[in-house]
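Below is one structure, written out as structure tokens, with a few remarks after it.
Every number here is computed from the coordinates shown, using simple stated rules; none is lab data. All of these numbers come straight from a predicted model, not from anything done at the bench. Cβ coordinates were reconstructed from backbone atoms using ideal geometry, including for glycine residues, and neighbour counts include every protein chain displayed.
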Amino acid sequence: MKYVFLYLLPLIAFSTLNAQKKKDKIHFTSINSLGMLNGEIASTFTMQSINGIQYKKLNAGIGIGIDNYGYRTLPITFYLKQSFLKGKTHPFLYSDIGVGKYLKTNDNSEKWPYGLKPTSVKNSFCGEWGVGIEKSIGDGCMFFVSAGYSLKKFAYTQNIYWLNSPTSNDFHYDYSYNRFVIRMGVQL
Amino acid sequence: MKNVQKVAALGLVCLLVIASFIGCMKDNATKTYKVYRPKVEKLSEIHARIKNDAPQSIGTLGKICLYNNYIFAISPNKGIHVINNKNTSSPINESFINLPGCGDIAIVGDVLYADCYSDLVTINIRKMPQVSVVKIISNHFPDKLYAYNFSVDSTEAIVGWDIKDTVVSQSINIENDYLFVGGVLLSSNTASSIDSKSASVNGSMSRFAIQNNFLYTVSSYMLSALNISNLENPKVESKKYIGWNIETIYPFKDKLFIGSQTGMFIYDISTPSNPNYVTGFSHARVCDPVIADNNYAYVTLHTENEDNNANNSLLRCTGGTVNELDVLDVSNLNNVQLVKQYNMSQPKGLGKEGNTLVICDGKDGVKFYDATDPANLILKKTIEVNNAYDVICLNGIALVTTKNALYQYQYSDINNIKLLSTIAY
């Protein structure tokens, strides 16, 4: 629930600020989306809030979200979006790269091999690249849908002492999750 | 309006292109770990290396036993430290018996019996520090366990490991992997009991016991009775399958108390060559050293996890979450009754002499109880030592092994327990 609150907070803040700042050449923006991650092992919910600046048709900002695919992570990313064409509806390209921070949850603890907690979990690379369409819905706000490719890496180490073994052994696991992502949301 | 159509068309094309790749997108996972490749050696070559040697520093300490003012302390798989303990205040590390594959010993009449990987070795120690091998019974422990469940021919043993890093592709649903781990560690806790004169004092987690001119050994599933009326020529009289995950054997009068990961079993040895099952007491799947006296058996149940690191729960005893002392009334073997359970931290080895019960309780240290009334044990003293796991009680002296040192405490006055000596390692 706290993540939903974190997600909504910038919405509220920027909705009040945006009206006066949208006229500036550089102004603050907040891009908030809900979406689905579809991959080999699951289709899971995701959400993201990006807060940053807009200069003409270029957006840049810092994003935070929830990624429930595989091991649940909190992606913290640097986001770039370039829109094209004029008018009320236009396409855009975006790129989003950063680090997926491991979220300690009951769901995750059930997924460790052999049920053993890892001795270390590495915050690993995550990235997303895609295209979308945005449409002005008035007062400087945009509604958008997008689709793209999402990569999440995840790594951890377990230390296991086998029966009669001379020493304990580190088992290091590296995951690469390749997903198709679709999102819809608003830009304030 | 044309722009909108263009945008919509472009978006649709992009979506179709991306969607067409969905089927190609696979997750992948790799697992990196060390592979232990066994170094195998012929047992005949290993036997040739059994000999006395100069005293060596004690690295890892395993089981211990007391014999004729000597402490025989096992370095698992390496050999036996012979420590002169005539002066309990100043024990002297006198010599070392090089005995690869050793985990358990018992001594009687200056003859030492030990496991050497899957073989049982008989060694004359009358002229210590000189020792001589007098008999080897091959493949006496056919169920000898090696790491990673490796097994070898009965004429060979795994004496070491070549270690190599490896990376393998792994199923993405790695959390569903199944892992089988069986067997038990040759652990090292002790308590005290002996009827046979001139025999060593072994403990609650020993796998060897001497009683009535017989040597009894347990492996993970087998109980063997060896006639040692001719000490240097032990003869196997019987072998019995007694269940899985057997860990310890403790003799008392005409009974053998056998501890397994799932219960305690009592065997009658009034016919020494043919132990017969009498009764059992089941408990949760945990490690369980056991000792007994005339009317009561004391069983410590513990969840084993080295360094108290719960992450390593594939250690030795798996599945259990119990840490307690069970006191059982065994005066009527047809009706063994649980008298009382006492909560413990991580109890391991235990010993009893007279009305004093001594328990190694993991990180809590060594606990000395007044056991006059087993239904109402009174804790008299706790000595804080690092991971106590083994104790022998004899003649008012408790020989305690821990992760880092071997201590001797005089407890004849339980209200005034004194540290006699410390051997750090």
Seminar exercise, completed: Neighbour-count ranking for B:Ser118, B:Ser90 (other C-beta within 10 angstrom, fewest to most) reads B:Ser90, B:Ser118
Seminar exercise, completed: As a Kirkwood estimate from alpha-carbon pairs, segment B:85-124 has a hydrodynamic radius in angstrom of 11.6
Exercise. Cα convex hull of segment B:199-274: mean projected area in nm², to one decimal?
Worked result: 4.5
Problem set entry | Placed amide H near B:Gly79: partners under 5 Å, 5+ positions off or other chain | B:Leu99, B:Cys102
Exercise. What's the FRET efficiency of B:Asp373 with A:Phe78 using the Cβ-Cβ distance as r and R₀ = 60 Å, to the nearest 0.05?
Worked result: 0.25
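How would segment B:20-83 be classified by its alpha-carbon gyration tensor: rounded, prolate or oblate, with rounded meaning a/c under 1.5 and the a/b versus b/c comparison settling the rest?
prolate
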Exercise. So what's the net charge close to B:Leu61: Lys and Arg +1, Asp and Glu -1, counting the other residues with Cβ under 9 Å from its Cβ?
Worked result: +1
Problem set entry | Integer Hz, Karplus 6.51/-1.76/1.60 couplings in order for segment B:212-227, x for Gly and Pro | 6, 6, 10, 9, 10, 10, 10, 10, 5, 9, 10, 10, 10, 10, 10, 6
Exercise. If each of A:Val186 and B:Gln56 carries a label point 7 Å out from its Cα toward its Cβ, how far apart are those two points in nm?
Worked result: 7.6
For this session: Could you tell me the distance between the Cα centroids of segment A:25-99 and segment B:340-408, to the nearest Å?
Result: 62
Problem set entry | B:Tyr241 versus B:Thr30: modelled label distance in nm, points set 7 Å from Cα along the beta carbon direction | 4.4
Problem set entry | Sparse-neighbour loop sites [chymotrypsin sites (Phe, Trp or Tyr not before Pro); segment B:117-168; at most 14 other C-beta within 10 Å; DSSP] | B:Phe150
For this session: State which entries of A:Lys117/B:Lys380; A:Lys81/A:Lys152; B:Lys255/B:Lys367; B:Lys34/B:Lys144 exceed 29 angstrom in Cα-Cα distance in the structure shown.
Result: A:Lys117/B:Lys380
